[in-house]
Structures are given as C-alpha cells and as structure tokens.
Amino acid sequence: MIELKDVSKSFTLHNQGGAVIPVMTGASLQVAPGECVALTGASGAGKSTLMRVIYGNYLAASGQVLVGGLDVAQAEPREILALRRETLGYVSQFLRVVPRVPTLDVVAEPLLAIGCDRQVAMDKAAGLLARLNIPERLWSLSPTTFSGGEQQRVNIARGFAHDYPAMLLDEPTASLDAQNRETVLSLIEEAKARGAAIVGIFHDVGARDQVCDREINVSDFTPGVAA
Amino acid sequence: MTPLLQVKGIQKLYGARIGCTGVSFDLYPGEVMGIVGESGSGKSTLLNCLAGHLVPDGGQVIFDTRSDGPVDTVTMSEPERRMLGRTDWAFVHQHARDGLRMSVSAGGNIGERLMAVGDRHYGQIRDRAIDWLGRVEIDDARVDDRPTAFSGGMQQRLQIARNLVTGPRLVFMDEPTGGLDVSVQARLLDLLRGLVREMGLSAIIVTHDLAVVRLLADRLMVMKDGHVVEAGLTDQVLDDPQHAYTQLLVSSVLQV
Amino acid sequence: MNEYNFAYLDEQTKRMIRRAILKGLAVPGYQVPFASREMPMPYGWGTGGVQVSAATLTPDDTFKVIDQGADDTTNAVSIRKFFENTAGVETTEETEKATVIQTRHRIPEAKLTGDQIIVYQVPIPEPLRFLEPRETETRKMHSLEEYGLMHVKLYEDISQHGAISTSYAYPVKVSERYVMDPSPIPKFDNPKLEMDAIQLFGAGREQRIYAVPPHTKVVSLDFEDYPFEATKADHPCDLCGAEDSYLDEVIMDDAGNRMFVCSDTDFCRSRRAQGHEGRLSKEGAV
C-alpha cells in the first residue's frame with residue numbers, strides 16, 4: 001500500500017549561500033494493508049521528514065514514493081489532493097482549523113469531502129467524538145477555544161472519520177489520559193483490522209508495542225556524517 | 001476529466017517591459033489556485049489577461065464552456081466573452097467600490113447579474129438577493145441600503161454575493177482581503193472557503209498574503225518579474241519551497 | 001427673411017443633419033452622433049429639436065410647436081416665431097393641419113398620420129447614463145445589447161417606492177433591439193410611440209439624433225409582476241370633460257381648490273368647440 005524506493009531528501013538554502021543540507025538518503029520501505037509500522041530514531045533523525053515526504057508535503061529529491069499506486073514524488077497537485085481526500089489520512093499533532101466552524105462539522109468534513117451523505121457523516125462524527133469523551137455540549141462550538149488535550153482528540157476523531165486505506169499518525173497518543181489512550185489504540189487496531197496500512201511515530205513505547213507490527217529506524221536513512 | 005481552464009503560454013508586454021510571460025497551467029473543476037508574488041511581479045497582469053480585462057500579446061486561455069466545450073476566450077467574440085463575465089465567470093476586485101454600483105441598493109447590486117441574463121420577475125429577483133445577503137452574513141433588513149452605508153468588510157461580502165448569484169463556475173479574485181482589518185479578513189476568508197466548498201467553485205486568487213493562500217488555495221503559483229518561478233501543492237510550496245525567491249518570500253513572513 | 005438661409009442653418013449643415021436622421025431611421029433607436037451647431041438660443045431650450053426641424057422643413061410645410069402640450073408657452077411661441085422668421089413656413093396650432101410638429105415633453109392626443117413628422121426635444125439621450133456614467137461603456141452596452149442595467153433602475157424604483165415610480169422619460173426597447181429614452185414625455189404617452197408618423201429625436205447639447213420609423217414596435221420595459229402602466233390623473237378634464245387625455249393639475253387658490261385640464265391645449269379647445277363640457281366650463285375660468 002505504501003512503498004518507498006530509494007528516496008532521498010535534501011534542503012537547498014538559496015538564501016544562505018546555496019547551502020545544501022541532505023537529510024535523508026536511500027530510504028526504502030514497504031507497508032502492506034493491515035500492517036502498522038513504527039518509525040523510530042533519535043529526535044532529528046528524520047521521522048517527521050519521512051512522514052511529510054509520504055504525505056507530499058515535502059518534495060522528495062529522488063526516488064519513488066508510492067501510495068496506493070500513485071507516485072507522490074511526481075504527481076500533479078490535484079492527484080495528491082485526491083489521494084489525501086480518498087486514500088491517505090494524516091493525523092498530525094496539532095489541529096489546524098478555520099475559526100467559527102463547529103466541532104461536529106470539523107470532524108465530519110473529510111466524509112463530506114468524499115461526497116458522503118450529510119446525516120451519515122454527522123452520525124459517524126458524533127460517534128467518534130463520544131468515544132473520545134468530548135462532551136456533547138461542545139460539539140456545536142469551534143474547537144479553537146478548546147484545551148490542548150481536547151483539540152488533539154478532535155484532531156484524532158477527524159483523522160479517523162473516513163476509513164482511509166493508508167494512514168500516517170504523528171504521536172497519536174501523546175498527552176492523552178489512560179482512558180482516551182486506550183480508545184485511540186483501539187481505533188488503530190480497528191483500522192488495521194479493516195486493512196489500513198499505517199505508518200506512525202510513537203514515543204509512547206507501550207502503545208508502540210501494542211499496535212505496531214514492526215519498527216523501522218530512520219537513522220539508517222540519515223546521510224553519512226561526512227555531510 | 002476536462003480542465004475547466006487551460007492556460008497556454010500567456011504573455012503580456014508593456015513595450016519592452018514584461019508584464020508576464022510563458023505562463024501555462026490547467027485548472028480543474030473545484031480547484032482553487034493561488035498566485036503569489038510581490039507588487040510588480042505580474043500577478044495582477046496575468047489575472048486580468050485570464051479574466052479578459054486585458055488582451056494578452058500571446059497565448060491561449062481555453063475555458064470549458066457549458067454549451068460548446070473548450071473555447072479560447074482570447075479569440076472569442078467580445079459579446080461572448082462579456083456574457084461569460086456575467087454568467088460563468090466572476091471577478092472580485094480588491095476594492096469593493098470597483099466591483100459594486102455605489103449608487104444602487106444592495107438588492108439591486110445583487111440582482112443586476114440576474115436581470116442581465118434575463119430575469120424579469122421583481123419578486124423572485126428580490127428573494128434571491130435577500131437569500132444571498134443571508135449567505136454572506138448581511139442582515140436582510142439592509143437590502144434597500146446603498147453600499148455607501150456599509151463597512152468595508154460588508155461591501156466586500158456584498159461584492160461576493162453580487163458575483164456569485166448567477167452560480168459561476170470560475171471566480172477570479174484580486175487581493176480579496178486587501179485593505180481589510182485582520183479580524184474582518186478572517187471572517188471573509190472563512191466565508192469564501194465555505195462558499196467555494198459548497199458551490200464547488202474553481203477559483204484563481206491573486207494575493208501577496210501567504211496566509212490567505214494557505215487557507216483557501218489547493219495549489220500555488222509563485223511569480224517574480226513576470227515569470228512563474230515555482231508551482232505546486234500549496235502546503236508543499238510553503239513548507240518546502242524549492243526556488244530561492246519562494247524561500248525568501250516564505251521566510252519573510254513575520255511569525256505571530 | 002433674406003438675411004437668413006432657409007430655416008437658419010446653411011445647406012451643408014442641414015445635409016449633415018439629414019444624413020444623421022436617415023441613419024437614425026435605418027437603425028431605429030440608435031443614437032447617431034452629429035455635429036450640433038450653436039443656435040441662437042441656450043442649450044436646454046430645444047437646440048437639438050430646432051436643428052432637426054430645420055433640416056426637415058420644406059417651404060411647403062406647416063409647422064406646429066408644443067411645449068408640455070401647450071402651443072402658447074414662451075418656448076413654443078419663440079421657436080414658432082423663429083421658423084416663421086427664418087423659413088417663412090406656415091405655422092399652426094392645430095395638430096391635424098401640421099406636417100412637422102416639434103414637441104417638448106408630450107405627444108399630441110390626436111392620432112398622428114403617415115403624412116406627419118414629429119420632432120422631440122431631448123435633454124439627455126442616453127437612458128443608461130444615470131447608472132453608468134461612462135459613455136464608452138454605455139456605447140458598448142448598446143452595441144452588445146447588455147440592458148440588464150436598465151432593469152436595475154426599475155428595480156430600484158420598486159424597492160424604494162413600491163411601484164415603478166419613473167413617470168416620464170420611461171425607457172423603451174425599439175424594434176426589439178435598442179433601449180431608448182423617449183425624451184421626458186409622460187409614460188402615459190409611451191403606448192403612442194407606435195404610430196404612423198415619423199418620429200425624430202434631437203439632443204443639441206449631447207449632439208445625438210435618433211429616430212423611430214412609422215409602425216415600429218416600441219415596448220416599455222417592465223417586470224412580469226410589475227407590468228408597465230400608462231398612468232394619468234384619475235379625473236376627467238374640467239374644461240372639456242375628456243376622460244382619456246393627459247391632464248395638468250392647476251392650483252386655483254390658497255384654499256386648495258384645484259382643477260385638472262388637458263395638457264394638450266389644441267385637443268381641449270377643439271373638443272370644447274365641438275360642444276363638450278367639463279365640470280368648470282360654465283364658470284369660464286380659462
């Protein structure tokens with residue numbers, strides 16, 4: 001489902017004398033449907049960079065980034081947008097929403113974007129918010145005013161609203177209490193069970209051991225010290 | 001899928017000076033594209049060439065018309081092009097007073113495009129005007145007030161209603177939030193985003209405000225000295241800019 | 001009389017004006033530019049109409065001038081005298097006897113015939129002017145038949161007054177093509193714009209001539225739910241009793257007494273001559 005072939009990434013800083021900073025080289029990995037792979041490595045090793053390359057947020061310098069058969073490194077913007085809409089979900093650490101949109105709409109939005117019936121989308125969003133213990137009185141409010149923990153749970157609900165065949169999870173359990181942590185882990189288990197290919201970053205070792213099938217140390221892709 | 005708009009090699013020269021040159025792209029239905037660049041980069045010239053306000057010196061602007069499929073709007077007859085401008089196209093000016101009739105009531109401003117395409121039922125025209133005032137969050141009690149009595153943000157929302165009432169498929173926007181207070185900008189952007197989604201609009205937005213494109217645009221084109229220096233997915237161009245000028249542009253934004 | 005060329009203007013000028021008139025007749029409702037001359041009267045007093053009349057008159061014509069329907073106002077009298085002096089044509093106050101009628105703000109009540117020409121004085125020929133001040137743009141709108149703006153004006157009327165309050169200079173569409181200002185005639189006269197006579201319109205200050213040939217379709221613009229109405233005061237004439245003529249309201253005294261009389265003085269006089277009577281005709285007030 002997700003396959004990287006010899007991917008490299010570097011940043012060229014044109015405004016600082018054209019310095020080229022290689023950050024990743026020879027990255028290859030495969031994630032099958034129903035599999036959850038954890039990215040490991042020290043802070044700064046390039047876990048987030050790799051996730052962003054898969055999502056198309058960072059442009060790979062060379063190699064292939066195949067998600068559901070589409071080479072993200074070469075695709076047109078609209079192909080990547082369609083991929084993100086239908087195939088590839090991304091749960092980041094921070095909620096980025098437009099002000100004034102009610103929480104329930106924020107969560108249902110990915111479903112509405114793929115043309116799901118409004119009532120079905122709303123029901124599913126409500127179910128997710130309830131599971132993640134967001135009090136119903138908050139659903140009609142914009143999440144911009146929520147606490148950090150609440151925002152993160154809204155973000156997770158949004159990320160799991162649509163059953164993406166491929167998912168990227170960036171610290172999904174960070175700063176959650178035990179009960180919500182369990183809920184998120186079971187959401188991940190359910191996603192795997194329906195065949196989603198998942199790549200995640202988990203600092204929470206317990207969580208990683210519970211849901212991940214294997215680990216990939218991104219330090220292996222870090223360019224030599226010579227750089 | 002046929003692109004809604006195919007732009008091929010657009011060039012506009014002002015004597016020896018380049019307005020814009022070599023601009024090509026396809027815009028698909030439902031896509032929102034941002035064009036950013038500093039003043040004088042040619043982004044407004046390009047927008048005016050695309051919208052038929054300026055005649056380009058070279059290139060094609062092929063629009064997928066409802067009746068005849070893809071047609072080059074540069075060479076189409078002026079009546080046809082102006083008809084497009086009243087029906088399938090819309091143009092939102094930076095200054096609302098350039099896009100509104102200041103001596104005509106809000107209802108008349110919204111109704112003008114309807115009457116231009118042949119609506120002749122006063123009651124229905126008025127009902128639609130009131131409906132659109134609601135959609136752009138203006139109290140319907142203001143339907144008979146002139147825009148001169150409106151705040152800047154309200155004028156801009158009225159301009160949007162006036163443009164969208166005929167259900168256009170392509171909207172050109174020239175700095176739609178320029179000159180507005182930050183809080184008013186946020187509300188307008190939110191409104192535009194909602195309308196774009198809801199109506200499945202395609203849009204081309206010229207701005208120098210990167211926050212505007214981050215919020216509204218799927219794709220981004222960066223212009224400098226009349227040339228497109230970089231284009232791609234909005235978040236990719238902003239988060240991982242490749243060209244020196246884009247890097248400068250992105251790094252010049254003050255963080256708050 | 002011999003000090004002036006026939007009808008004041010020199011022959012070259014009259015030919016120039018006639019070319020504009022012919023073009024106007026060929027393209028009904030289209031505003032033809034012409035090189036308006038200085039006339040011995042101020043702008044706003046009918047310089048356009050006078051030039052069109054001068055180019056139209058022949059020595060055999062009988063000329064009539066009306067101002068708001070009346071033959072005896074200053075303006076009507078002086079224009080009539082002007083052509084008596086410069087063209088030596090016969091003049092008349094009787095509509096039926098006239099071959100050329102110059103008018104300001106009215107169409108006579110009597111039905112005009114194919115032997116007659118009516119010349120309107122026009123202050124502002126451009127019906128789109130009040131909403132779109134740019135002449136370049138209004139010309140383009142005419143050429144491309146973009147007339148939505150005309151309805152915006154009527155929309156504004158209804159939204160502000162509850163009805164189309166435009167009561168004179170009411171816009172019309174001529175021959176299903178050009179939108180035209182019929183000069184400031186009351187909208188009561190609009191249905192008469194479809195007539196047997198030739199209608200010529202002259203705007204001196206604005207340097208425009210336009211025309212409606214005989215038997216041309218002239219439609220007053222309106223909305224489906226607010227149809228055009230040719231309104232008049234709901235009253236018969238107090239002098240001749242006519243029920244179907246356009247009326248002027250005249251205040252009689254400080255007590256608020258008023259009377260309604262035909263604005264077309266010739267029409268009223270001829271009816272009274274035929275023995276028709278109105279509410280006040282016995283008092284011999286007028």
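The values are calculated or read from the model by the stated rules, or taken from the named source; none is laboratory data. Model, not experiment: these values are computed from the prediction. Heads up, the Cβs are rebuilt from the backbone with ideal geometry, glycines too, and the neighbour counts pull from every protein chain shown. Each accessible area value is taken on the protein alone, full model and side chains, heavy atoms only, with ligands, DNA and RNA left out. Shrake-Rupley method; radii C 1.70, N 1.55, O 1.52, S 1.80 Å.
Is there a residue in segment C:47-69 that is hydrophobic (A, V, I, L, M, F, W, C), touching a residue at least 24 places away in the same chain (Cβ under 8 Å) and over 21 Å from residue C:115 (Cα atoms)? Please lay out each step first, then the result.
Keep residues of segment C:47-69 that are hydrophobic (A, V, I, L, M, F, W, C), which gives C:50, C:52, C:54-55, C:57, C:63, C:65-66.
When the remaining residues are screened for being touching a residue at least 24 places away in the same chain (Cβ under 8 Å), the result is C:50, C:52, C:54-55, C:57, C:63, C:65-66.
Right, trim to over 21 Å from residue C:115 (Cα atoms) and you get none.
No, every residue in segment C:47-69 fails to be hydrophobic (A, V, I, L, M, F, W, C), touching a residue at least 24 places away in the same chain (Cβ under 8 Å) and over 21 Å from residue C:115 (Cα atoms).
Quick one: residue B:236 ticks every box in (1) out of contact with any Asp or Glu (no Cβ under 8 Å at 6 or more places or on another chain); (2) open to solvent by 20 Å² or more (accessible area, probe 1.4 Å); (3) at the interface with chain A (Cβ under 10 Å from one of its Cβ atoms) bar one, so which box is it?
It fails just one condition, (2).
Which ones in segment C:141-153 are more than 19 Å from residue C:28 (Cβ to Cβ), of a type outside the set (Val, Ile, Thr) and within 8 Å of another protein chain (Cβ to nearest Cβ)?
Passing the criteria: C:148, C:149, C:151.
Could you list, in sequence order, all residues of segment A:24-70 that are within 14 Å of another protein chain (Cβ to nearest Cβ), in contact with a Lys or Arg (Cβ under 9 Å, 6 or more places away or on another chain) and in a strand (DSSP E or B)?
A:24, A:62, A:65 - these are the residues of segment A:24-70 that are within 14 Å of another protein chain (Cβ to nearest Cβ), in contact with a Lys or Arg (Cβ under 9 Å, 6 or more places away or on another chain) and in a strand (DSSP E or B).
Of the numbered conditions (1) touching a helix residue (DSSP H, G or I) at 6+ places or on another chain (Cβ under 8 Å); (2) assigned to a helix (DSSP H, G or I); (3) open to solvent by 60 Å² or more (accessible area, probe 1.4 Å), residue A:119 satisfies every one except a single condition; which is it?
Unmet for residue A:119, out of (1) touching a helix residue (DSSP H, G or I) at 6+ places or on another chain (Cβ under 8 Å); (2) assigned to a helix (DSSP H, G or I); (3) open to solvent by 60 Å² or more (accessible area, probe 1.4 Å): (1).
Is there a residue being within 14 Å of chain C (Cβ to nearest Cβ) and of a type in the set (A, V, I, L, M) anywhere in segment B:91-99?
Within segment B:91-99 (the criterion being within 14 Å of chain C (Cβ to nearest Cβ) and of a type in the set (A, V, I, L, M)), the answer is no, since none of the residues qualifies.
Exactly one condition in (1) within 19 Å of residue A:111 (Cβ to Cβ); (2) open to solvent by 10 Å² or more (accessible area, probe 1.4 Å) is not met by residue A:143; state its number.
With respect to (1) within 19 Å of residue A:111 (Cβ to Cβ); (2) open to solvent by 10 Å² or more (accessible area, probe 1.4 Å), residue A:143 is out only on (2).
Just checking, does segment A:71-89 include any residue being open to solvent by less than 40 Å² (accessible area, probe 1.4 Å), without any contact (Cβ under 8 Å) to a residue 40 or more places away in the chain and in a strand (DSSP E or B)?
So far as segment A:71-89 goes, yes, one or more of its residues are open to solvent by less than 40 Å² (accessible area, probe 1.4 Å), without any contact (Cβ under 8 Å) to a residue 40 or more places away in the chain and in a strand (DSSP E or B).
Do the conditions hold for residue B:237, that is, is it in contact (Cβ under 8 Å) with a residue 24 or more places away in the chain and closer than 26 Å to residue B:11 by Cα?
Criteria not met by residue B:237.
With respect to the numbered conditions (1) surrounded by fewer than 18 Cβ atoms within 10 Å (Cβ to Cβ); (2) within 14 Å of chain B (Cβ to nearest Cβ); (3) polar (S, T, N, Q), which one is the sole condition not fulfilled by residue C:220?
Single failed check for residue C:220: (1).
Given the residues C:229, C:224, C:243, which is the only one that is modelled with pLDDT under 95 and under 29 Å from residue C:146 (Cβ atoms)?
C:229
Being at pLDDT below 95 and either more than 18 Å from residue C:146 (Cβ to Cβ) or surrounded by fewer than 21 Cβ atoms within 10 Å (Cβ to Cβ) (or both) is true for just one of B:69, B:107, B:34. Which residue is that?
B:69
Please determine, by comparing only the residues of segment A:180-207 that are assigned to a helix (DSSP H, G or I) and touching a Phe, Trp or Tyr at 6+ places or on another chain (Cβ under 9 Å), which one is nearest to residue A:153 (Cα to Cα).
Out of the qualifying residues, it is A:184.
With the structure loaded, tell me whether residue B:86 is more than 8 Å from chain C (Cβ to nearest Cβ) and among the basic types (Lys, Arg) or whether it fails that test.
So residue B:86 does not fit the description; no.
Restricted to segment C:194-214, and to residues that are open to solvent by 30 Å² or more (accessible area, probe 1.4 Å) and assigned to a loop (DSSP other than H, G, I, E, B), which residue is nearest to residue C:27 (Cα to Cα)?
C:214
Just to be sure I understand, how many residues within segment B:100-112 are more than 7 Å from every other protein chain (Cβ to nearest Cβ), of a type outside the set (A, V, I, L, M, F, W, C) and under 26 Å from residue B:47 (Cβ atoms)?
Within segment B:100-112, residues that are more than 7 Å from every other protein chain (Cβ to nearest Cβ), of a type outside the set (A, V, I, L, M, F, W, C) and under 26 Å from residue B:47 (Cβ atoms) number 1.
From the list C:13, C:99, C:92, C:74, which residue is modelled with pLDDT under 95 and out of contact with any helix residue (DSSP H, G or I) (no Cβ under 6 Å at 6 or more places or on another chain)?
Answer to the check: C:74.
Out of (1) free of Cβ contacts under 8 Å to residues at least 40 places away in the same chain; (2) in a helix (DSSP H, G or I); (3) surrounded by 14 or more Cβ atoms within 10 Å (Cβ to Cβ); (4) not aromatic (Phe, Trp, Tyr), the odd one out for residue A:163 is which?
The one condition residue A:163 does not meet is (2).
Looking only at segment C:120-133, filter to residues that are open to solvent by 20 Å² or more (accessible area, probe 1.4 Å) and more than 10 Å from chain B (Cβ to nearest Cβ); which one of those is farthest from residue C:212 (Cα to Cα)?
Top of the filtered list is C:129.
Could you grab me the full set of residues in segment B:121-176 that are open to solvent by 10 Å² or more (accessible area, probe 1.4 Å), within 14 Å of another protein chain (Cβ to nearest Cβ), farther than 16 Å from residue B:104 by Cα and in contact (Cβ under 8 Å) with a residue 12 or more places away in the chain?
B:128, B:137, B:166
Looking for something surrounded by fewer than 16 Cβ atoms within 10 Å (Cβ to Cβ) and away from every other protein chain (no Cβ under 13 Å) - is there at least one such residue anywhere in segment A:97-114?
no
Residue check, residue A:21 against (1) assigned to a strand (DSSP E or B); (2) open to solvent by less than 50 Å² (accessible area, probe 1.4 Å); (3) out of contact with any Asp or Glu (no Cβ under 7 Å at 6 or more places or on another chain), all met but one. Which one?
Here residue A:21 clears every test but (2).
I need the full set of residues from segment B:217-233 which are open to solvent by less than 20 Å² (accessible area, probe 1.4 Å) and either more than 8 Å from chain A (Cβ to nearest Cβ) or among the hydrophobic types (A, V, I, L, M, F, W, C) (or both), in order please.
Step one: filter segment B:217-233 for residues open to solvent by less than 20 Å² (accessible area, probe 1.4 Å), giving B:217, B:220-223, B:226, B:230, B:232-233.
Those that are open to solvent by less than 20 Å² (accessible area, probe 1.4 Å) and either more than 8 Å from chain A (Cβ to nearest Cβ) or among the hydrophobic types (A, V, I, L, M, F, W, C) (or both): B:217, B:220, B:221, B:222, B:223, B:226, B:230, B:233.
List pairs: first in segment A:106-130 and farther than 16 Å from residue A:156 by Cα, second open to solvent by less than 10 Å² (accessible area, probe 1.4 Å), Cβ under 7 Å, 6+ apart or cross-chain?
Listed pairs, sorted by first residue: A:112/A:121.
Any residue at all in segment A:99-106 that is of a type in the set (A, V, I, L, M, F, W, C) and part of a loop (DSSP other than H, G, I, E, B)?
Yes, because at least one residue in segment A:99-106 is of a type in the set (A, V, I, L, M, F, W, C) and part of a loop (DSSP other than H, G, I, E, B).
From the residues in segment B:203-214 that are surrounded by fewer than 21 Cβ atoms within 10 Å (Cβ to Cβ) and within 13 Å of another protein chain (Cβ to nearest Cβ), which one is modelled with the highest pLDDT?
Within segment B:203-214, the match that is modelled with the highest pLDDT is B:214.
Of all residues in segment C:134-188, count the ones that are open to solvent by 30 Å² or more (accessible area, probe 1.4 Å), among the basic types (Lys, Arg) and part of a helix (DSSP H, G or I).
The number of residues fulfilling the criteria is 3.
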